[in-house]
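Student: Can you read through this structure? Questions will come right after.
The values are calculated or read from the model by the stated rules, or taken from the named source; none is laboratory data. Computed from a predicted structure; not experimentally measured. Cβ placement follows ideal geometry from the backbone for every residue including glycine, while neighbour counts extend to all protein chains displayed. These accessible areas exclude ligands, DNA and RNA; they are computed on the full protein's heavy atoms, side chains included. Shrake-Rupley method; radii C 1.70, N 1.55, O 1.52, S 1.80 Å.
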Amino acid sequence: MQLSATPYEERLTAPRSWWLISFLVGVSFALILLPFGPLPLLGGLVGGTAAAAVVASAYGSVRIRVVGDSLIAGEAKIPVSALGESEILDPEEARAWRTFKADTRAFLLLRAYIPMALRVEVTDPDDPTPYLYLSTREPERLAAAIKAAREATAA
C-alpha cells in the first residue's frame, strides 16, 4: 500500500475542560466516601478521577486518517474511490446536518464539541450510506487529502 500524496491524520481529542470535569467526578466520589474515613476518601478521589479520565480519553481517542487509498474514520474504512465531492460545513451548517438535515443511513463521526465538519458523498451504488459526516478541526486539509488520494488512485 502506497501512502497518499497528501497524508492526513487527526485525533479528535476531548476538550481540556473535560479533564477538569474528570477531577470533579473524583471529588464527588471522595465526598460520597467521606463518612468512611480518610483512606476510602482518597481511594474515591483517585478511583473516580481515573475512571472519568479513562472515559474522556476513550471518547477523545477517535482518529480520522487518509492512508493510501482509504479514508479511516473511527472504526470505518472506506476506499477513496467510493467517495464523491466533499462539502466543508461551517458551525451553523454542521449543526443543521447533525439535526434536521441528517439522514439516518449516514455515517456520523460526530463530536459535538468540534464545531466544524466535512460532509463527503458516498458514490458506491452498493453502499446504502448516502454520505459521511466527519467532525474535524481542519476540514480544508481533510478535503484536500481525500481529493489528492482519489486522484492518485485514479491515476
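Student: Can you compute the modelled spin-label distance between Ser17 and Glu140, with each label point 7 Å from Cα toward Cβ, in nm?
Tutor: Using points 7 Å along Cα→Cβ, the separation is 2.7 nm.
Student: Moving on. Please state the relative contact order of the range 18-135 as a whole percent: Cα pairs under 8 Å, 6+ residues apart?
Tutor: 18
Student: Right, another one. Roughly speaking, what is the stretch gain from Tyr113 to Val55, that is 0.36 nm per residue apart minus the C-alpha to C-alpha distance, in nm to one decimal?
Tutor: 19.3 nm
Student: For an R0 of 41 angstrom, estimate the FRET efficiency from the Cβ-Cβ distance between Ile32 and Ala76 and round to the nearest 0.05.
Tutor: Working from the Cβ atoms, E equals 0.55.
Student: In debye, nearest 20, what is the charge dipole magnitude of the range 81-144 about its Cα centre with +1 on Lys and Arg Cβ and -1 on Asp and Glu Cβ, if you could check?
Tutor: 360
Student: Would you mind checking the tilt of helix 16-33 against the longest principal axis of the Cα atoms of the chain, expressed as 0 to 90 degrees and rounded to 10?
Tutor: For 16-33 against the chain, the angle is about 30 degrees.
Student: Considering only DSSP beta bridges with both partners in the range 82-155, what is the antiparallel share in %, to the nearest 5?
Tutor: That works out to approximately 75 percent antiparallel.
Student: Let me ask another. Could you give the dipole magnitude of the chain about its Cα centre, charging the beta-carbon of Lys and Arg +1 and that of Asp and Glu -1, in debye to the nearest 20?
Tutor: Once rounded to the nearest 20, the dipole reads 600 debye.
Student: Right, something else. Using alpha carbons only, how many degrees (0 to 90, rounded to 10) separate the axis of helix 38-59 from the longest principal axis of the chain?
Tutor: The angle comes out at about 10 degrees.
Student: Ok, one more. In the chain, what percent of the accessible surface is made up of carbon and sulfur (1.4 Å probe, ligands and nucleic acids excluded)?
Tutor: So the carbon and sulfur contribution to the accessible surface is 63 percent.
Student: Put +1 on the Cβ of every Lys and Arg and -1 on every Asp and Glu Cβ in the chain; which of Gly47, Ala76, Pro115 then has its Cα farthest towards the positive end of the dipole?
Tutor: Projecting each Cα onto the dipole axis, the largest value belongs to Gly47.
Student: Considering Cα pairs under 8 angstrom that are at least six residues apart, work out the relative contact order of the range 1-82 and quote it in whole percent.
Tutor: Relative CO of the range 1-82 lands at 37 percent.
Student: Convert each backbone phi in the range 107-116 into a coupling constant with the Karplus relation 6.51 cos²θ - 1.76 cosθ + 1.60 (shift: θ = phi - 60°), then list the ³J(HN,Hα) values in order as whole Hz, x for Gly and Pro.
Tutor: My calculation for the range 107-116 gives 8, 10, 9, 10, 10, 5, 7, 10, x, 8 Hz in order.
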